[in-house]
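Taking it in order: structure first as structure tokens, then the write-up.
Quick note: the coordinates plus some simple rules give every number you see, no bench work behind them. Note that the structure is predicted; figures quoted are calculated from it, not measured. Because the Cβ atoms are built from the backbone with ideal geometry, glycine has one as well, and the counts that use them run over all protein chains shown.
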Amino acid sequence: GTGFVLEQPGGGRMEGRPIDTLGYRGMHSYELAFSDWFVPADNLVGGEEGAGRGFYLQMQGFENGRLQTAARALGVMQAAYEAAYAYAAERGGVPGTGRMEGRPIDTLGYRGMHSYEISFDNWFVADANVIGAEEGVGRGFYLQMAGFENGRLQTAARALGVMQAAYEAALDYADNRVVFGQPIAEYQLTQVKLARMAFLIQATRQFSYEVARLMAKGEGTLEASMLKAYVCRAAEWVTREAMQIHGGMGYAEEFPVSRWFVDARVLSIFEGADETLALKVVVRRLVEQATRRDATPA
């Protein structure tokens with residue numbers, strides 16, 4: 001938006017500019033700056049007693065506004081509830097006939113993404129909303145696994161990010177942590193740990209790039225499952241080694257490496273646990289490929 005400038009007789013000046021906000025765009029926000037701006041005594045909030053007390057008077061003026069803000073929040077919650085209910089009714093549950101319940105689940109890590117337990121009781125799904133139509137009945141698990149293929153590449157990328165962050169933190173800590181008169185980065189055992197972390201990260205990164213290129217061509221679904229299983233397990237090892245290099249401070253929440261360690265643990269579980277990928281995806285497709293090769297005439 002366009003800023004503005006107001007000038008007073010005698011040299012006073014007020015400048016302002018609009019501030020772009022994430023939401024609540026029906027009410028605009030502005031940044032204001034005053035330079036030699038004159039306020040007559042008659043316009044001083046609180047009169048002479050208000051001089052120097054503007055902040056506290058403003059806070060008192062917010063009291064009625066807080067009730068108004070709470071009312072706005074209630075309106076937003078009600079609208080969100082009605083929209084969610086209408087969405088669910090349109091795509092499945094019919095009001096009065098089914099029930100869906102849920103509760104949040106506290107997790108060890110990965111707290112930026114919340115987990116919920118959801119249960120359905122007599123929940124109606126219209127034929128038009130069955131995934132895969134008639135052929136999809138009873139095959140929801142396999143269709144879901146197939147839908148995870150792109151997600152597995154994405155999860156591998158997350159694991160790479162966690163590993164890279166943990167490695168950089170460990171390297172920085174090793175350079176600065178002095179034990180017995182020298183940084184621990186100068187000890188051979190630490191150097192071996194850092195070297196193994198580095199080449200494992202680079203190897204998994206190149207593997208990820210190759211699978212991404214395959215998937216861009218409509219191929220690589222088997223390789224995506226292999227990649228996800230391998231990289232996510234590697235992330236557990238790298239973050240553990242990073243925590244070891246930090247010593248006792250690696251277990252303290254004030255150091256981010258402790259968060260990366262617990263975040264890495266869940267990566268080999270969601271988007272298809274390692275065991276599920278091995279049994280239901282990887283081995284099946286490997287066997288299918290071998291069977292087709294055997295059936296092909298020489």
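With a requirement of 3 or more residues that are closer than 30 Å to T190 by Cβ, the helices (runs of 4 or more DSSP H) lying completely within region 211-298 that satisfy it span 221-246, 256-267.
Within the group A229, A242, which residue is in contact with a Leu (Cβ under 6 Å, 6 or more places away or on another chain) and either within 14 Å of Q154 (Cα to Cα) or surrounded by 13 or more Cβ atoms within 10 Å (Cβ to Cβ) (or both)?
Among A229, A242, only A229 is in contact with a Leu (Cβ under 6 Å, 6 or more places away or on another chain) and either within 14 Å of Q154 (Cα to Cα) or surrounded by 13 or more Cβ atoms within 10 Å (Cβ to Cβ) (or both).
Scanning region 189-211 for residues that are buried (at least 18 other Cβ atoms within 10 Å of the Cβ) and of a type in the set (G, A, S) yields a single hit, S208.
Restricted to region 116-154, and to residues there that are outside any loop (DSSP other than H, G, I, E, B) and either on the phi > 0 side of the Ramachandran plot or touching a Lys or Arg at 6+ places or on another chain (Cβ under 6 Å) (or both), the residue that is surrounded by the most Cβ atoms within 10 Å (Cβ to Cβ) is R152. Within the option set A174, A195, A224, A264, being touching a strand residue (DSSP E or B) at 6+ places or on another chain (Cβ under 7 Å) and of a type outside the set (K, R) holds for one residue only, A174.
Only one entry of A185, A166 meets the criterion of being of a type in the set (G, A, S), in a helix (DSSP H, G or I) and without any contact (Cβ under 8 Å) to a residue 40 or more places away in the chain, and that entry is A185.
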